[in-house]
Each structure stands twice: as C-alpha cells, then as structure tokens.
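The values are calculated or read from the model by the stated rules, or taken from the named source; none is laboratory data. Remember, predicted model here, so these are calculated numbers, not experimental data. All Cβ positions, even for glycine, are placed from backbone atoms using ideal geometry, and neighbour counts span all protein chains on display.
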Amino acid sequence: MGDAKKAEKEVIVCRCEEITLDEIREWIDRGCDTFNELKRVLRVGMGPCQGRGCQDIILRELSRRLGVPIDQVEAGTVRPPVKPIKTGLLASE
Ligand code: FES
C-alpha cells in the first residue's frame, strides 16, 4: 500500500470521537446511507461540537460513495453544542 493511501486511511474525520475516514467508508459500504445511521454505529456527530466539525465532511463522503447529489443525502439532527455556562449568567437575566 502506498504512503498516500495509508495516510488517507488514518485521516481523522470526527475529531471528537476519533473516527477515521476509513471507518466511515467501511460502514457506508456495509449499508449505512445516512448521517444518523453512521452516528448510531460510530458515534460521529455526538462529541462536544455536535457534528459541526465533521458532519459536512461525512455528508460529502456519503454523497461520493453512494453516487448521489449531496442535497439528497439525509443530514443528521444538529443540536446546540454542549458548553458549560455559569448559573449566574442565567440568573442575571
Ligand atoms: S468532530 Fe465529530 S462530533 Fe465533533
């Protein structure tokens, strides 16, 4: 295997959950064809950023691998990022 191919396998797509491009491709080939299905099996999009760092990349990979336009790939649910705030901020309002 060439160095470029090996490096591509080790590319981390979801930094929060440390999921590689290779793992994502493997599960797309196993039949996961939506972001939410990949989320269920790999936990992509479930880290502190809630998919802001990885969802677009994963949707692009789904589109490429499935051979469908990106606007036809079912996107996942986006939730606000988990970010602690001081209760005093809420109380001051
Ligand atoms: S990079 Fe995937 S959940 Fe944060």
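If we scan segment 41-51, do we find a residue that is modelled with pLDDT of 95 or more and assigned to a helix (DSSP H, G or I)?
Yes: one or more hits.
Could you go through segment 76-91 and let me know if any residue there is at positive phi and surrounded by fewer than 19 Cβ atoms within 10 Å (Cβ to Cβ).
no
Name the residue, out of Glu18, Glu37, Glu8, that is within 13 Å of the chain's Cα centre (by Cα) and farther than 13 Å from Gly76 by Cα.
That would be Glu18, the only listed residue that is within 13 Å of the chain's Cα centre (by Cα) and farther than 13 Å from Gly76 by Cα.
So that you can scan it fast, the table gives a plain yes or no per residue for (1) more than 20 Å from Ser63 (Cβ to Cβ); (2) more than 15 Å from the ligand (Cβ to nearest atom):
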| position | (1), (2) |
| --- | --- |
| Asp3 | yes, yes |
| Glu10 | yes, yes |
| Ile19 | no, no |
| Asp22 | no, yes |
| Ile28 | no, yes |
| Cys32 | no, yes |
| Phe35 | no, no |
| Leu42 | no, no |
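How many residues are touching a residue at least 40 places away in the same chain (Cβ under 8 Å) and crowded, with 19+ Cβ neighbours inside 10 Å if we restrict to segment 23-60?
Total meeting the criteria: 3.
Going through Ile19, Ile70, Ile12 one at a time, which residue ends up being among the β-branched types (Val, Ile, Thr) and touching a residue at least 12 places away in the same chain (Cβ under 8 Å)?
Unique residue meeting the criteria: Ile19.
So which residues in segment 56-93 are among the polar types (S, T, N, Q) and modelled with pLDDT of 75 or more, if there are any at all?
Result: Ser63, Gln72, Thr87.
Just one of (1) within 11 Å of the ligand (Cβ to nearest atom); (2) in a helix (DSSP H, G or I); (3) touching a Ser or Thr at 6+ places or on another chain (Cβ under 9 Å) trips up Leu62, so point out which.
All conditions are met except number (1).
Scan Asp71, Asp56 and give me the residue that is among the acidic types (Asp, Glu) and away from the ligand (no atom under 16 Å from the Cβ).
The conditions single out Asp71.
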